[in-house]
Amino acid sequence: IFAPGTRVLEIGDRNFRIERRRVEELPRFPAASDSVIAAVRSEGREDVRLGLRDLAMTPDGALLADGVELRIEEPAFQQLATLCGFGVGSRYLADQCRADVRAANVNYQFDRSGRDQVVLRTRTDLDGRRVVFAAVTPSYTAVDVHQVLDVVAPELADAHTEMVYDGSGVRATALWMPDEVVDLAAGDVFKVGVRVETDDTGRGRIRIAGVAFRNRCLNLLIIGEGEVETVAQVHRGSADEIIASLKAGVLKARTKVGMFLEAWGHARQVKVEPEVLLKSWVEDRVLRVPRTRTEEQRAEVLDAMLTAWRREPGDTLADVVNAVTRTAHTFPLWDYRVRDDLERQAAALVLAAR
């Protein structure tokens, strides 16, 4: 919105202090995670594996599974319908169909379904009844909210957090802010975090990412947010291997944002000649990217980076690194692998000119 490096107004400094107080008033990550873990464990979750032909639906919408009556939540019913091959009709059956007709339709589909096995994920609701909150295939590996938080909490113990558990999964962001930012300006990163997202219903992955919050104006009201994913773990395979990947991923995410916050203030102070520096990075292969073997290819990449720099010009090392990361997301001939690698290289360049 404003040229990077433009000093914020007095209200920007005041809003930074307000935001810092807000973050400090959030619970510490371990306290919040302990609360969510207790809530999940109180649900008494149990997974039940059985054949689809062993299921039946009663006229009031409950499932009979081996003679046990289970209530089923609507998202879980839609999953079950998909596993049985009539997913497109699940909303009609759930919302508009007469109860006895619905039961007859669903039971017919159970009986004819070609899938042998299903796993019903159950828990106790507030009224003490067993309910099905998800229906998944037998290949699904359960690594639930409480297990994920158990793994990541020790590495995030010094962070405050925004954490929400919605019954299906958790979205938590561990947050850190500096005590102060000297000469806070447009373009400065003023807050970083590690984001953890889970889904215990088979509809999503476990994600961990480093996230940075960047001021884009002169009063700290327009905030840009960017993240680098370090884990996108599907619920397949060994639970021990999944947990190991989470341990590695949270450490990697914390390392990324920690290095970034430490280095960014320095990069803002290093004056450079942006066009000269970008040219040297491309022509001297400081930046390792494909399609730069010929002079023509290098010229094309350099032109893209200069175009990115002109969109947000500035004369510091941080501004040039910004141009590289922007190009990583806009250059049409690069796929996500090149973009991720180029972002890592750009982060290293922030640290290089000490």
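The values are calculated or read from the model by the stated rules, or taken from the named source; none is laboratory data. Being a predicted model, the structure only gives us computed values, none of them experimental. Please note that ligands, DNA and RNA were not included when accessible areas were found on the heavy atoms of the full protein model with its side chains. Shrake-Rupley method; radii C 1.70, N 1.55, O 1.52, S 1.80 Å.
For segment 20-91, the direction-averaged projected area of the alpha-carbon convex hull comes to 8.1 nm². Of the solvent-accessible surface of segment 1-107, computed with a 1.4 Å probe and all protein chains present, 51% belongs to carbon and sulfur.
May I have the count of lysine pairs in the chain with C-alpha atoms under 24 Å apart, counting pairs 8 or more residues apart or located on different chains? Eligible lysine pairs with Cα atoms under 24 Å apart amount to 7. At the residue level, H235 shows approximately 10 square angstrom of accessible surface with a 1.4 angstrom probe and all protein chains present.
Rolling a 1.4 Å probe across all protein chains gives T325 an accessible area of roughly 40 Å². Among the listed values [x] 35.9, 118; [y] 25.7, 76; [z] 21.4, 72, the one computed from these coordinates for Rg and Dmax of the Cα atoms in Å is [y].
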